[in-house]
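Here it is: the structure, laid out below.
The values are calculated or read from the model by the stated rules, or taken from the named source; none is laboratory data. Only a predicted model underlies this, so the values are computations on that prediction, with no experimental measurement involved. In this analysis, Cβ positions are derived from the backbone assuming ideal geometry, glycine residues included, and neighbour counts consider all displayed protein chains.
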Amino acid sequence: MANIPHALLALALMTFAVPVSAQQPGAAAPEAYFIAEFAIKDRAAMQPYRAHVAETFAPFSGRFVARGGKTVSLEGPALNGNIVVIHFDSLAQAQAWYTSPAYAPLKAIRHGAAVTRAYIVTAGPE
């Protein structure tokens with residue numbers, strides 16, 4: 001898979017999404033985003049993942065922000081695959097989904113059917 005500046009991609013995606021409440025002292029936990037690059041090796045094997053992944057993250061406040069849309073490379077090598085962005089209300093919810101028993105079998109499918117780079121990024125300042 002092409003090596004692109006992932007931190008810059010995440011930063012670019014996040015700059016528009018900083019809620020005002022996350023910038024104020026005593027505010028709720030900042031929102032979080034699961035960002036993944038998928039280079040699919042076996043489309044047929046990936047179908048169960050695509051069909052059921054939303055069911056696993058919905059209970060954790062997850063919702064798709066971007067899924068398989070057009071990606072325009074601005075710097076570095078072009079992406080070889082798709083970008084997926086899933087919004088969560090907090091880092092804790094994103095991590096709970098990623099490590100959940102409901103997601104585990106789908107994660108195994110994804111590992112076998114695609115090469116993936118995945119991150120969880122919080123909105124707002126560090």
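Report, by residue number, each residue of region 45-85 that is farther than 19 Å from V121 by Cα and among the aromatic types (F, W, Y).
Y49
Going by the structure shown, is A94 surrounded by 19 or more Cβ atoms within 10 Å (Cβ to Cβ), touching a residue at least 60 places away in the same chain (Cβ under 8 Å) and not aromatic (F, W, Y)?
Values: surrounded by 19 or more Cβ atoms within 10 Å (Cβ to Cβ): yes; touching a residue at least 60 places away in the same chain (Cβ under 8 Å): yes; not aromatic (F, W, Y): yes.
In short, yes.
Right, something else. Suppose the filter is exposed (fewer than 14 other Cβ atoms within 10 Å of the Cβ), more than 13 Å from the chain's Cα centre (by Cα) and on the phi > 0 side of the Ramachandran plot; does G76 pass it?
Taking the combined requirement at face value, the residue satisfies it.
Among the residues of region 11-35, write down those that are modelled with pLDDT of 95 or more and among the hydrophobic types (A, V, I, L, M, F, W, C). If you could, list the steps in order and put the result at the bottom.
Let us first name the residues in region 11-35 that are modelled with pLDDT of 95 or more, namely 31-35.
Those that are modelled with pLDDT of 95 or more and among the hydrophobic types (A, V, I, L, M, F, W, C): A32, F34, I35.
Of the residues that sit in region 46-73 and are of a type in the set (A, V, I, L, M) and in a helix (DSSP H, G or I), which one is surrounded by the most Cβ atoms within 10 Å (Cβ to Cβ)?
V53
Also, quick follow-up: Across region 77-119, what is the total count of residues that are under 15 Å from S61 (Cα atoms) and part of a loop (DSSP other than H, G, I, E, B)?
6
Select from region 61-86 the residues that are charged (D, E, K, R) and over 17 Å from R117 (Cα atoms) and list them in ascending order.
Answer for region 61-86, where residues must be charged (D, E, K, R) and over 17 Å from R117 (Cα atoms): R63, K70, E75.
For (1) closer than 11 Å to F34 by Cβ; (2) touching a residue at least 40 places away in the same chain (Cβ under 8 Å), each residue gets a yes or a no:
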| position | (1), (2) |
| --- | --- |
| P59 | no, yes |
| F64 | yes, no |
| S73 | no, yes |
| G81 | no, yes |
| V84 | yes, yes |
| D89 | no, yes |
| A102 | no, yes |
| L106 | no, yes |
| A118 | yes, yes |
